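See below for the structure under consideration.
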Amino acid sequence: MTENAPPNALSDPPGRPLRIAVVGAGPAGLFIVDTLTDTADFPVSVELIDRIPTPFGLLRYGVAPDHPAIRSIRNRFTTLLHRDDVAFLGGVEIGRDLTVDDLREHLDAIVYSYGSASDRHLDIPGEDLLGSLSATEFVAWYCGHPDADRAVVEDALAAGGSGEGVQSVVVVGAGNVALDVARVLARTPDELAGTDMPDHVLAALATTTPQEVHLLARRGPADVAFSTSELRELGQLGDADVVLADPAVDLSDPPELSRTAGRNLAVLRQWEQAEPPAPGRRRVVLHFWSRPVRLVGAGPAGHERVQAVSVEPTELDDDNRLVAAGPAYDIRADLVLRAVGYRGVRLPGVPFDDVGAVIPNEAGRVLGIKADGAPAAMGEYVTGWAKRGPQGVIGTNKPDARETARAVLADAPELLRRPDPGGLAAWLSACGTPAVDIAGWDRIDAAELALGQTEGRERTTLADRAAMLAAADHDPDDDPGPDR
Ligand SMILES: Cc1cc2nc3c(=O)[nH]c(=O)nc-3n(C[C@H](O)[C@H](O)[C@H](O)COP(=O)(O)OP(=O)(O)OC[C@H]3O[C@@H](n4cnc5c(N)ncnc54)[C@H](O)[C@@H]3O)c2cc1C
C-alpha cells in the first residue's frame, strides 16, 4: 500500500473478483447490478437470485399490461443479464431453498432487493369476505404471476353477489395501483386483447364487465397520490366515462399545492364540466372524502360473500385529523379490491424494522436492530422497496441503487481481505438445487413470444410455473427439423 492511500483503498488489483449476491431481480436489483458492474474498477462477480424463474420483478408482475411502453423498459436490461460477470439464478427463494447464512458463507457481500411482497390491510369488519381481494392478489393474477391464486380471483370475478355476475366493483385507495385495477376492470375485451395477459386472464376479464367501478379516496382531490397521466387515462376508456360521486366536491386549488396535485385538479375540473355520460355506457365513479367502515356480506355462515361497502363521508377537523362527516351509506359491491399499499416482509436472519416494514439501513448499509444501531454484518446492503418501503416509480430505484452501490464499493477493500468464498452457482449445482439460468430465461422469453404470435399479439405471458420450467429446459436444438 502506498503511503498516501486511504486505509481502505485497493492498493493492488485483487487476485479474485468481489463476489456479490443480489437477492431480487426487480428494477432495484437490476439497477444495482448495472452500477456495480459498470463502475467497479476491479473484477466483480454478481449472482442475481430471484424466487421466480423470470427476472424483472414488478416490471413484469406489477406494471399494468395495458402499459406496454413501461413494461418494455425490461428490454433495456437484456444486455446486462447476459454479461459474463452476472449470473441469473431464477426460481431460487432465499428463506426457502437457501438461507441467508448460505449466502454469507459463499459470498463476500449480499444486496437485498427483494421488494415489498405483502399488502396492507384496511382493518375493518368484513375485510375477509369472499369477493374481497387485495389489489396485490388481483394484480399478480392479471400479470400472470406463477404464485397468484387463480381459484380465489376467478371465483371472485365469476360469482358476483347477486348471481348476475360482477356489476359493481368498489376499489379502495387513492394511488396509481387503485387506478390500474379500476382501469383494467373498466376496459373492454378489445382494449385488453393486444396485451400480454395470460389467456385465462383475458377469458375471465372478457366475462367480467361491471357497469360501475367505484373508487374510494378517504381524503380530498388535492391529496390523492395519482400520477396525472394515469388519472387522465381513466377519461379515455373505450366504453366507460368518469363521473364524480359528489358533483359539489371542492375542486378549487388550495393555497399550497404540488405541481402534480394542481394538474390532477385541472383534469378533475374538466370532467366536472363535461357532458353527462351517455346512457348505457359504463361508469368509473370517483368518491372523495369517503372511507369504508365495513364490508357487508350475505350467504351461509363461513361462506359469506361481499354485497356492499358501508362508506362514511369524511372531513378534516380543526387539528387536521380525518373524522366522520355524516352517517355511513352503502354502495353495492359484488367485488371489493383493497389498494391501500404494499408492505415489506421479514427475511429470516436479516434485521427488519417492523414499524416501517423495511430493512434498517444507513445509505444502503444494513444496520442491526441494536441499541447503538451498529451494522448488522460487514457486507450486507439493501436497495429498492426493501430499503425505503413501497414508494416510488421504477426510475426512483436508480439513484437509490447508486447510493447502495457506493457503499458496497467503498467497503470492497475490507471485503476482499477474506479468502475467496467461491460463489454460489457452483455450490448450488453441486448440492443439486436447480436454478433457471439466463439461457433458461431466454427460452421462456422465446416461448412467450412464439405463443403470442400464434394469437396475433406480441407476447403471451406464461403464468404456470411448470410451463415456465418446461420452457426453460426445452432446448430448441432438440426439436426435430423439417428434414428429420
Ligand atoms: C401494481 C404496481 C404497478 C406499478 N406500476 C408502475 C408503473 O406503471 N410505472 C412505474 O414507474 N412504476 C410502477 N410501479 C412501481 C415499481 O414497480 C417499483 O418501483 C419497483 O418494482 C420496485 O422495485 P424493487 O426491485 O424494489 O421490487 P420488486 O419489483 O418487487 O422486485 C423484487 C424481486 O425480489 C424477488 N424476491 C422476493 N422475495 C425473494 C426471496 N425471498 N428470494 C429471492 N427473490 C425474492 C421478487 O420475486 C421480485 O422479483 C408499480 C408498482 C406496483 C405494485
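The values are calculated or read from the model by the stated rules, or taken from the named source; none is laboratory data. For clarity, every value in this text was computed on a predicted model and none was experimentally measured. No Cβ is skipped: glycine too gets one built from the backbone with ideal geometry, and neighbour counts run over all protein chains shown.
Just to check your reading of the model, which residue among 232, 218 is outside any loop (DSSP other than H, G, I, E, B) and either under 24 Å from the mean Cα position of the chain (by Cα) or surrounded by fewer than 16 Cβ atoms within 10 Å (Cβ to Cβ) (or both)?
232
Applying the selection to segment 187-201, what residues are more than 16 Å from the ligand (Cβ to nearest atom) and touching a strand residue (DSSP E or B) at 6+ places or on another chain (Cβ under 9 Å)?
The one that is more than 16 Å from the ligand (Cβ to nearest atom) and touching a strand residue (DSSP E or B) at 6+ places or on another chain (Cβ under 9 Å): 188.
Using the structure shown, decide if residue 60 is within 14 Å of the ligand (Cβ to nearest atom), of a type in the set (Lys, Arg) and either surrounded by fewer than 22 Cβ atoms within 10 Å (Cβ to Cβ) or more than 20 Å from the chain's Cα centre (by Cα) (or both).
yes
How about segment 67-79: which of its residues are more than 9 Å from the ligand (Cβ to nearest atom), in contact (Cβ under 8 Å) with a residue 24 or more places away in the chain and buried (at least 18 other Cβ atoms within 10 Å of the Cβ)?
Correct list: 77 only.
List the strands (runs of 3 or more DSSP E) that sit entirely inside segment 273-319 and contain at least 2 residues that are hydroxyl-bearing (Ser, Thr, Tyr).
Counting at least 2 such residues, we get 305-316.
Can you tell me which residue in segment 391-404 is surrounded by the fewest Cβ atoms within 10 Å (Cβ to Cβ), limited to those that are near the ligand (Cβ under 7 Å from one of its atoms) and not hydrophobic (A, V, I, L, M, F, W, C)?
Here the residue is 395.
For segment 40-57, how many residues are surrounded by fewer than 22 Cβ atoms within 10 Å (Cβ to Cβ) and within 9 Å of the ligand (Cβ to nearest atom)?
The number of residues fulfilling the criteria is 1.
Out of all the residues in segment 80-88, is one or more without any contact (Cβ under 8 Å) to a residue 60 or more places away in the chain, over 20 Å from the mean Cα position of the chain (by Cα) and in a helix (DSSP H, G or I)?
Yes, segment 80-88 contains at least one residue that is without any contact (Cβ under 8 Å) to a residue 60 or more places away in the chain, over 20 Å from the mean Cα position of the chain (by Cα) and in a helix (DSSP H, G or I).
Restricting to helices (runs of 4 or more DSSP H) lying wholly in segment 385-484: which have 3 or more residues that are under 28 Å from residue 93 (Cβ atoms) and modelled with pLDDT of 95 or more?
Here the list reads 385-388, 397-415, 438-454, 465-473.
Any residue at all in segment 172-184 that's farther than 22 Å from residue 61 by Cβ, away from the ligand (no atom under 16 Å from the Cβ) and not in a helix (DSSP H, G or I)?
no
Collect the residues in segment 320-347 that are more than 16 Å from the ligand (Cβ to nearest atom) and either in a strand (DSSP E or B) or closer than 24 Å to residue 283 by Cα (or both), keeping them in residue-number order.
Selection gives 322, 323, 324, 328, 329, 330, 331, 332, 333, 334, 335, 336.
Pairs, please: C-beta under 7 Å, at least 6 apart or cross-chain, first residue farther than 13 Å from residue 81 by Cα and in segment 420-442, second outside any helix (DSSP H, G or I) and hydroxyl-bearing (Ser, Thr, Tyr)?
From segment 420-442, the pairs are 423/45.
Scan segment 132-164 for residues that are over 22 Å from the mean Cα position of the chain (by Cα) and part of a loop (DSSP other than H, G, I, E, B) and jot them down.
160, 161, 162, 163, 164
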